[in-house]
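My structure is below; once you've seen it, I'll send some questions.
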Amino acid sequence: MSRSSLNLQQLSNFLHLPDAKIRKLVDKGAIPSRRVNGELVFSQDEVHRWLEHRIGSSGEEELVQVEEALEKSVPAGTFDEAFDLVSLIPEGAIALPLLARTRDSVIRSMVQLAASTGLLWDTDAMSEAVKAREELHTTALDNGVALLHPRRPMPSILGDSCLALGIVPSGVPFGGPRNGYGSGLTDIFFLICSMDDRIHLRILTRLSRVLTHPDFLFRLRGMEEESLVRELILETEGAISSVG
């Protein structure tokens, strides 16, 4: 078994799903797979993309289940029990406003914002990787938010996992659905810089829960101080944790 592939038992352990459940998902064509010598084999890249899609299309109840499975799959010591999004946003990694007018300038500005914290070392490599991900399929959602990230984690150019947040007051065309916020304009940008797939998926799941919490985006769009944004995110995480 190559390092880029998983067998059925390995995938079962990672997803915390019984073998029978995974086989049903395979039979339905939900999880990409192939057979090698009669055994099911799963590409880690394809499993990662499947999980990203599942997270993006899930409601709150399923997001809670995904997050619980990801928490169990993270090696001991990777996160402490008090994990929260604010702890991943270094001081100075929130831009209010983010001064950008085009897709490329948003990506450059967000990467520079992350680099200003000292945790991202190669801005050119990260910018190109994020652009490549956007060209594959936009990360812009119909609520006016984009969750920027490379196709795969880039630990060689990071000191640690981190998040950056920028808000463009008038929004920019970013490839999002035209039936959503601002007729397709995107104004809120998160840049996810993660050390490995599990961390990336856990951040993505938590962000998805926070973004869909009632009034979160409305309140976020009205804020002008970094400290208030941090308080809002902490408050919202506390709210979802109490019902999760």
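Restricting to region 110-142, name every residue that is under 15 Å from the mean Cα position of the chain (by Cα) and open to solvent by 40 Å² or more (accessible area, probe 1.4 Å).
HIS137, LEU141
Right, GLU46: surrounded by fewer than 17 Cβ atoms within 10 Å (Cβ to Cβ), part of a helix (DSSP H, G or I) and at pLDDT below 85 or not?
yes
In region 95-124, how many residues are out of contact with any helix residue (DSSP H, G or I) (no Cβ under 9 Å at 6 or more places or on another chain) and among the hydrophobic types (A, V, I, L, M, F, W, C)?
Count: 3.
Give me a count of the residues in region 172-207 that are open to solvent by 10 Å² or more (accessible area, probe 1.4 Å), in a helix (DSSP H, G or I) and at pLDDT below 85.
Here the count works out to 5.
Turning to a different aspect of this structure: Which residue pairs have Cβ atoms closer than 8 Å, lie 6 or more positions apart in sequence or on different chains, and pair a first residue in region 83-96 that is more than 13 Å from SER109 (Cβ to Cβ) with a second residue that is among the small types (Gly, Ala, Ser) and not in a loop (DSSP other than H, G, I, E, B)?
Listed by first residue and then by second, the contacts come to ILE89/ALA164.
The values are calculated or read from the model by the stated rules, or taken from the named source; none is laboratory data. Just so you know, these numbers come straight off a predicted model, no measurement behind them. So basically every Cβ, Gly included, is an ideal-geometry build from the backbone, and we count neighbours across all protein chains shown. Note: areas computed on protein heavy atoms with side chains; ligands, DNA, RNA excluded. Shrake-Rupley method; radii C 1.70, N 1.55, O 1.52, S 1.80 Å.
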